[in-house]
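The values are calculated or read from the model by the stated rules, or taken from the named source; none is laboratory data. Note that the structure is predicted; figures quoted are calculated from it, not measured. Counting neighbours? That spans all protein chains shown, and the Cβs are built from the backbone with ideal geometry, glycine included. Keep in mind that these areas ignore ligands, DNA and RNA; they rest on the heavy atoms of the full protein, side chains included. Shrake-Rupley method; radii C 1.70, N 1.55, O 1.52, S 1.80 Å.
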Amino acid sequence: MRIKAQHAPFIARKIAYELLKCGFVSLKNGGDEITQIATDIILKDINAERAIEERANELMDDNEGDIEFMQVDRRAMFGMIKKKLASQMGFELNHDERYSHISHDILNTAWKKDALEYNVSENRVKNVIYSAIESYLKNFEKAQRAAFDELEGREKLAYGSPEYELAFEKAYEEQLRKHGIIG
């Protein structure tokens with residue numbers, strides 16, 4: 001599954017929670033610093049993918065005439081261009097490899113900033129971070145659906161209004177807790 005910007009803070013909190021819970025990592029400054037580090041790294045990754053997609057769209061627009069003339073499947077062409085650009089930029093599109101890379105970046109950055117301590121192998125700590133990302137992504141849809149269902153019966157809230165968005169955010173966060181996605 002593709003990570004979206006609005007998920008970054010929730011994934012980051014899940015990472016901090018799992019690191020606190022694992023028993024072999026101690027977080028300095030509680031979970032706030034690791035949450036910020038993880039949020040920043042996840043958003044950087046999302047923005048890098050967005051930049052690749054924007055460049056792919058520019059290339060498609062520049063070659064619109066050829067695409068139309070050759071009756072090329074636009075979606076397939078976009079995917080090929082994105083894959084080529086990602087390869088040239090050293091950006092991993094494979095989710096498993098990508099999440100592993102993000103996990104490694106979070107761990108290294110947290111270590112350099114002296115935000116955590118551990119007395120086990122680096123790989124074991126990285127696996128906790130990776131598992132937190134995977135767990136969040138596997139379960140967030142359940143929490144999102146439950147939050148939508150919870151707000152569905154509230155007549156006073158107009159979908160898309162600031163009040164609705166605030167209520168949804170609160171209901172969503174509660175559902176994430178209920179589903180064990182965040183602590």
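Give me the 1.4 Å probe accessible area per residue for the chain, excluding ligands and nucleic acids, in Å².
60
Set Lys and Arg Cβ to +1 and Asp and Glu Cβ to -1, take the dipole of the chain about its Cα centre, and tell me which of 137, 162, 16 lies farthest positive.
My answer, from the dipole projection, is 16.
Consider just the alpha-carbon atoms of the chain and return their Rg together with their Dmax, both in angstrom.
19.6, 61
Under 10 Å from the Cβ of residue 176, count the other residues' Cβ atoms, weight Lys and Arg +1, Asp and Glu -1, and hand me the total. Numbers along the way, then the final one.
Details: positive: 13, 14, 142, 177, 178; negative: 173, 174.
Its environment carries a net charge of +3.
Could you sort 67-75, 136-144, 102-110 so that the peptide with the highest average Cβ count within 10 Å comes first and the rest follow in order?
Answer by packing, highest mean first, reads 102-110, 136-144, 67-75.
Where does each of 9-16, 87-94 land if you order them by average Cβ count within 10 Å, highest first?
9-16, 87-94
Could you please report the charge total around residue 127, scoring K, R as +1 and D, E as -1 over all other residues with beta-carbon less than 13 angstrom from its beta-carbon? Could the numbers behind the result be given before it?
Numbers: positive: 124, 126; negative: 18, 96, 122, 134.
Counting the neighbours of residue 127, the net charge comes to -2.
Which pairs in the list 4/112; 4/170; 14/83; 28/126 are over 23 Å apart, alpha-carbon to alpha-carbon?
Over 23 Å apart, Cα to Cα: 4/112; 14/83.
Using a 1.4 Å probe and ignoring any ligands, DNA or RNA, find the accessible area of residue 118 and quote it in Å² to the nearest 10.
50
What does the convex hull of the Cα atoms of the stretch 40-107 come to per residue, in Å³, rounded to a whole number?
Expressed per residue, the convex hull around the Cα atoms of the stretch 40-107 is 73 Å³.
What's the magnitude of the charge dipole for the chain around its Cα centre, counting Lys and Arg as +1 and Asp and Glu as -1 at the beta-carbon? Answer in Debye, nearest 20.
Computed charge dipole of the chain: roughly 700 debye.
Can you give the helix-only mean residue ellipticity at 222 nm for the chain, where every DSSP H stretch with n ≥ 4 adds -39500 (n - 2.57) and the sum goes over all residues, rounded to the nearest 500 deg cm²/dmol?
-25000 deg cm²/dmol
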